[in-house]
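Presented below is the structure to which this report refers.
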Amino acid sequence: MSSLALKCAAVLGASGVALGAYGSHGLKKLGVEPGQIESWGAASRYQLIHAAALLAFSATGRTARYAPALWTAGVTMFSGSIYCLVLNKERFKVLGPVTPLGGLLMIAGWLALLAP
């Protein structure tokens, strides 16, 4: 079992559940618009999906150079930038281009599974 992948899965999974719950219950109190709450929900879903993928990957015992690192970096960039932009778009506007880069890293992680 890949210890680092398992640890990343645990952190991403726990924080994904917490952030998803906050998005469902706490953002309305801040006056966040429904469209932004949907973006937050998408970010937490992608985070949880990739946490589950990391957990499953760690259970295989397979060693891969790139997939777990690409997933972890990608979901951190993708979801993290969305969380920041929803909370304060003006303050974190510099993170706008980070979101699609994170998405590309997640895609690259899936494709990296094809490598021997």
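The values are calculated or read from the model by the stated rules, or taken from the named source; none is laboratory data. Being a predicted model, the structure only gives us computed values, none of them experimental. Positions of Cβ are generated from backbone atoms using ideal geometry, with glycine treated the same way; all protein chains shown enter the neighbour counts. The protein model used for the area step is the full one, side chains on, heavy atoms only, and it has no ligands, DNA or RNA in it. Shrake-Rupley method; radii C 1.70, N 1.55, O 1.52, S 1.80 Å.
Can you pull out the residues in region 23-60 that are among the aliphatic types (A, V, I, L, M), under 19 Å from the mean Cα position of the chain (by Cα) and either part of a helix (DSSP H, G or I) or closer than 18 Å to A108 by Cα (or both)?
Hits for region 23-60 are I37, A42, A43, L48, I49, A51, A52, A53, L54, L55, A56.
Of the residues in region 88-102, how many are within 17 Å of G41 (Cα to Cα), buried (at least 17 other Cβ atoms within 10 Å of the Cβ) and not β-branched (V, I, T)?
Residues in region 88-102 being within 17 Å of G41 (Cα to Cα), buried (at least 17 other Cβ atoms within 10 Å of the Cβ) and not β-branched (V, I, T): 1 in total.
In region 62-92, which residues are polar (S, T, N, Q), assigned to a helix (DSSP H, G or I) and in contact (Cβ under 8 Å) with a residue 24 or more places away in the chain?
Selection gives T72, T76, S79.
Consider region 1-29. How many of its residues are touching a residue at least 24 places away in the same chain (Cβ under 8 Å), open to solvent by 70 Å² or more (accessible area, probe 1.4 Å) and of a type outside the set (V, I, T)?
2
Can you pull out the residues in region 55-87 that are open to solvent by less than 60 Å² (accessible area, probe 1.4 Å), under 19 Å from A18 (Cα atoms) and modelled with pLDDT under 95?
None; the set is empty.
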